[in-house]
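Just below is one structure, and these are the notes that go with it.
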Amino acid sequence: MVELAISSVRMSLMNPIYVVILREVNGVRRLPIFVGRPEGDAIASFLNDNTPPRPMTHDLLADIISHQLGAQLTQVVITRLHKDHFYATIHLRDGAREIELDARPSDAIAVALRLGSPIYATDEVMEAAAVVPPHYSAEREESEEDLSVFDEFLSTLDLDDDENQP
Amino acid sequence: MVEVRVEDVRVGQRGQAHAVILKDLQRERFLSIFIGPAEADSIRIQLRGLQVPRPLTHDLIVGVIRSLGATMRYVVVNDLREDTFYARIVLRTRDNRELSIDSRPSDAIAVAVRMDCPIFVTDEIMDNYAHVVTEEETQPSSESDDDEDLGAFKDFLSSLDI
């Protein structure tokens, strides 16, 4: 498992598509994940310190887990990539019990940020979908070929900009 | 408190504004609340029994509540301040404590329809803001049977500036 932090959230001006760029805490790889607009907003608004006048859906989720029902969000994990969809789990500790729930990565990330919980991805996910920003790797690896379309899109993004960290 | 059910989720002609329409279970009156597009989709998906490949955020909330041993008692739309409706989600914890959680009505309703729990609106809000369907409006029109029942409702909806 690899611990990740949010590098940035990018929005397409043409489509209602957001890309969340996660970066490896102890490495150089980046993991880009496409997310829906409301979830992208939920992540971006938290990073931008925008406090909405009313609790948004992920604020409610975080409130229920932590403040109301007294559980701990111990971690969230991006577990696998299947047919272009990332899968994730959120992990709760309820007294002595450990609970694992299926979630979309976007929801998992949005709630992890709010509760200050670590975000992980499995090695399998990193191998399948992580990219190394160009200036870190002079030689492109062959395994990246099948991600070429994805790479092309990513190359249009400025992945080196880590200044918008939480 | 007045018990209501979700009559429908409507979208404005330009696809910008969404409203959830709540119907008084006892009387012909309706309360419409403007909500965001994501919450509207979430309520609509549940009402129509559509299958989604991955859990939506409200499904995750339901999963969290259930897995932590709490039960939903009800949700209530209980306040309106500066054009914003407020709601509470009322849970009972495993150790029988009752929790009342601040929420937007859209989230409260999206969770309620998934957990099949009652939805209430305070008398004060219904009395002041519900649209009452009058006798005149319920007169049968020449439209088909199906449409008759909805005639007044449609008139009401067409009067909305969404």
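The values are calculated or read from the model by the stated rules, or taken from the named source; none is laboratory data. All figures in this text were calculated on a predicted structure; none of them were measured in a lab. Cβ placement follows ideal geometry from the backbone for every residue including glycine, while neighbour counts extend to all protein chains displayed. When the accessible area is computed, the model is the full protein with side chains, heavy atoms only, and any ligands, DNA or RNA have been set aside. Shrake-Rupley method; radii C 1.70, N 1.55, O 1.52, S 1.80 Å.
Near A:Leu101, once Lys and Arg are set to +1 and Asp and Glu to -1 for all other residues with Cβ below 13 Å from its Cβ, the sum equals -1.
Solvent-accessible surface of protein heavy atoms, probed at 1.4 angstrom with all chains present, puts A:Met11, A:Met126 in the order A:Met11, A:Met126, largest first. Between the stretch A:40-59 and the stretch A:1-37, the C-alpha centres lie 17 angstrom from each other.
Near B:Leu80, once Lys and Arg are set to +1 and Asp and Glu to -1 for all other residues with Cβ below 15 Å from its Cβ, the sum equals -3. Ordered from largest to smallest accessible area (heavy atoms of protein chains, 1.4 Å probe), the residues B:Glu28, B:Glu82 come out as B:Glu82, B:Glu28. Among the protein heavy atoms, those of A:Asp84 account for about 140 Å² of accessible surface (1.4 Å probe, every chain in place). Take B:Glu124: with every protein chain present and a 1.4 Å probe, its accessible area is about 130 Å².
Comparing the full protein assembly with the isolated chain (1.4 Å probe, heavy atoms, ligands and nucleic acids excluded), the residues of the stretch B:45-92 losing at least 50 square angstrom of accessible area are B:Arg54, B:Pro55, B:Thr57, B:Leu60, B:Ile61, B:Val64, B:Ser67, B:Leu68. Couplings for the stretch A:57-66, taken from phi via the Karplus curve 6.51 cos²θ - 1.76 cosθ + 1.60 with θ = phi - 60°, read 4, 6, 5, 4, 4, 5, 4, 5, 4, 8 Hz in order; Gly and Pro are left as x. Going by accessible surface with a 1.4 Å probe and the largest first, B:Arg29, B:Arg94, A:Arg29, B:Arg73 read B:Arg94, B:Arg73, A:Arg29, B:Arg29. Counting only protein heavy atoms and using a 1.4 Å probe, the accessible area of B:Asp41 comes to about 70 Å².
Within the set of other residues whose C-beta is less than 12 Å from the C-beta of B:Gly69, count the net charge using Lys and Arg as +1 and Asp and Glu as -1.
Values: positive: A:Arg97, B:Arg66, B:Arg92, B:Arg94, B:Arg97; negative: A:Asp94, B:Asp95.
Result for the neighbourhood of B:Gly69: +3.
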